[in-house]
């Protein structure tokens, strides 16, 4: 089935919401569905659509895979509680870190996360809930990049010929698949999602695992999580499309208190983009770059060097992994 | 023996040259000395001092270790020919790449280069020339960093307790050891070295091996050499103290013509500094950063990402290896 994009200019958000709500009701019938909430705007919007369509027959889970930003699980549960949606927090840290152990190749890491998420975690959750459907916030850019073979987005399954019912025991519902990020933001506003959800920068499916070059361990995720908090604090007022910190595997020579300190490097990226399809580095003032470097090398243990990505997409991509 | 710095402010270049020339004459007596010319301002100034002191009794060699910048060996030979100094070009590429094979640790690489240079290459050259002395351009920052244990500079031997006569068969003369870079530039002007020598940015002892993270192979040196040419072309008019390109070992995801391209990353550093002891990144205009990224990702095969270092020294160092 070919998927046709609905561009921002042609989107009627109110009509879109009415249509998708009805579509979800029709598909699920009087059964149950499960929603996989990640904290990003895509899955948040999908969850609200599902909640409008199914009410209590939608079970919403937030999977704490150990790869989330600082305070993320608690924040999300609380935001959705205010919206009248109960979210169950599932601790799956061990499942994910076990799956990631010893993997350094980006596609290999992405595939391990996909398997842990759909097969190990949601396979069990959907079965236990007695549901037949998994609702998720896949968007148009995700399919495009996966099908083109640029990056395997963890939520792309059917488009790669995967029969989810046979493999995982449930079908997938993707109400936002015709929209890119900017259109999803419009829908989210119309859904009364708080702006701290729809205005937050995009966050990748594999979460902080996409921000660690080389093996993803709890320790390395902890380092990039600290750097991410600093980057988000310093750049949230920049108006940029997305900003992120990447922990490199390469080590570089540094110096502290007159002594050699062979340490870590963090790469900062900050993007101007409309839809993640193309992008260019934000022209951040040097005082901001300087403060980022100063804070990261001071507050994140082991980091002696910070760089700023100056490459456009293409040939770069938004994330490094 | 403690070495006392002569700061730029207290330097009388003319007097310094007269004293050092006489010192070299006294030490070498009526024997021979060998000079190790690297193309940097330090060894160039040391060579001219040696030439003034010894005339034809100084044999000057340029070692092509395979780690030099584009066109470097030929340029240097030609510049010194114009100054009346004959330089013999020695092809030692195989010796150095054999010594570097399989080594990824920075200090290990530096030590391999030191051994190849002093023991294998100069051990033989000094013996064949019938000389007893090796003249080299070690400066004050080199000893400081080596003794502090920050980076082992390849030319630091005696200060680490190495008896060069016993180990390599010759003694070392270091006429510039009390000066930092800015003072050496003053001496070089006074020595009538052409400004393309004394105004060129500092270049590390281990040459491009200091600009390759991980194993140093002819192929990887070839990549960083191309990037170095671009960085020097674009930044030579910046007035910066030093500018360089570093090839990372980490690979990152890129995209070309709509397809995934898992490729290389080059880090650019450009420093404001007086003496390399401390430094801060030059506030290059974004159009310059953009042109660097554009040229490097277009002209250097395999590179999909370019970053700019935004960290001060300390805690960064000027070079990464």
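The values are calculated or read from the model by the stated rules, or taken from the named source; none is laboratory data. Predicted model only: the values in this text are computed from it and were never measured. A quick note on method: Cβ atoms are made from the backbone with ideal geometry, for glycine too, and the neighbour counts reach across all protein chains shown.
Among the residues of region A:293-321, how many are at the interface with chain B (Cβ under 7 Å from one of its Cβ atoms), closer than 24 Å to residue A:254 by Cα and at pLDDT 95 or above?
Total meeting the criteria: 9.
Can you tell me which residue among B:159, B:153 is in a loop (DSSP other than H, G, I, E, B) and touching a helix residue (DSSP H, G or I) at 6+ places or on another chain (Cβ under 7 Å)?
Only one candidate passes the filter, namely B:153.
If residue A:282 satisfies all but one of (1) surrounded by 18 or more Cβ atoms within 10 Å (Cβ to Cβ); (2) farther than 25 Å from residue B:212 by Cβ; (3) in contact with a helix residue (DSSP H, G or I) (Cβ under 7 Å, 6 or more places away or on another chain); (4) modelled with pLDDT of 95 or more, what's the number of the condition it fails?
Evaluating residue A:282 over (1) surrounded by 18 or more Cβ atoms within 10 Å (Cβ to Cβ); (2) farther than 25 Å from residue B:212 by Cβ; (3) in contact with a helix residue (DSSP H, G or I) (Cβ under 7 Å, 6 or more places away or on another chain); (4) modelled with pLDDT of 95 or more leaves (3) as the failure.
How many residues does region A:97-120 hold that are farther than 19 Å from residue A:174 by Cβ and touching a residue at least 60 places away in the same chain (Cβ under 8 Å)?
Total meeting the criteria: 8.
Just the residues that are without any contact (Cβ under 8 Å) to a residue 40 or more places away in the chain, over 19 Å from the mean Cα position of the chain (by Cα) and either surrounded by 18 or more Cβ atoms within 10 Å (Cβ to Cβ) or assigned to a helix (DSSP H, G or I) (or both), please, taken from region A:121-150.
If the condition is that a residue be without any contact (Cβ under 8 Å) to a residue 40 or more places away in the chain, over 19 Å from the mean Cα position of the chain (by Cα) and either surrounded by 18 or more Cβ atoms within 10 Å (Cβ to Cβ) or assigned to a helix (DSSP H, G or I) (or both), then A:124, A:128 are the ones that fit.
Out of the residues in region B:217-252 meeting the condition of being within 14 Å of chain A (Cβ to nearest Cβ) and touching a residue at least 60 places away in the same chain (Cβ under 8 Å), tell me which one is farthest from residue B:71 (Cα to Cα).
Within region B:217-252, the match that is farthest from residue B:71 (Cα to Cα) is B:249.
So residue B:106 passes all but one of these: (1) buried (at least 18 other Cβ atoms within 10 Å of the Cβ); (2) under 17 Å from residue B:193 (Cα atoms); (3) modelled with pLDDT under 95. Which condition number does it fail?
(2)
Taking region B:99-117 on its own, how many of its residues are assigned to a loop (DSSP other than H, G, I, E, B) and either in contact with a strand residue (DSSP E or B) (Cβ under 9 Å, 6 or more places away or on another chain) or within 12 Å of chain A (Cβ to nearest Cβ) (or both)?
2
Looking at (1) over 29 Å from residue A:82 (Cβ atoms); (2) at pLDDT below 95; (3) crowded, with 16+ Cβ neighbours inside 10 Å; (4) under 20 Å from the mean Cα position of the chain (by Cα), which is the only condition residue A:214 fails?
Going through (1) over 29 Å from residue A:82 (Cβ atoms); (2) at pLDDT below 95; (3) crowded, with 16+ Cβ neighbours inside 10 Å; (4) under 20 Å from the mean Cα position of the chain (by Cα) one by one, residue A:214 breaks only (2).
If we keep just the residues of region A:296-308 that are in contact with a strand residue (DSSP E or B) (Cβ under 8 Å, 6 or more places away or on another chain) and assigned to a helix (DSSP H, G or I), which is farthest from residue A:230 (Cα to Cα)?
A:297
Yes or no, residue by residue, for (1) out of contact with any strand residue (DSSP E or B) (no Cβ under 7 Å at 6 or more places or on another chain); (2) within 25 Å of residue A:39 (Cβ to Cβ); (3) surrounded by 23 or more Cβ atoms within 10 Å (Cβ to Cβ):
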{"site": "A:221", "(1), (2), (3)": "no, yes, yes"}
{"site": "A:228", "(1), (2), (3)": "no, yes, yes"}
{"site": "A:234", "(1), (2), (3)": "yes, yes, no"}
{"site": "A:263", "(1), (2), (3)": "no, no, no"}
{"site": "A:287", "(1), (2), (3)": "yes, no, no"}
{"site": "A:294", "(1), (2), (3)": "yes, no, no"}
{"site": "A:310", "(1), (2), (3)": "no, no, yes"}
{"site": "A:315", "(1), (2), (3)": "no, no, no"}
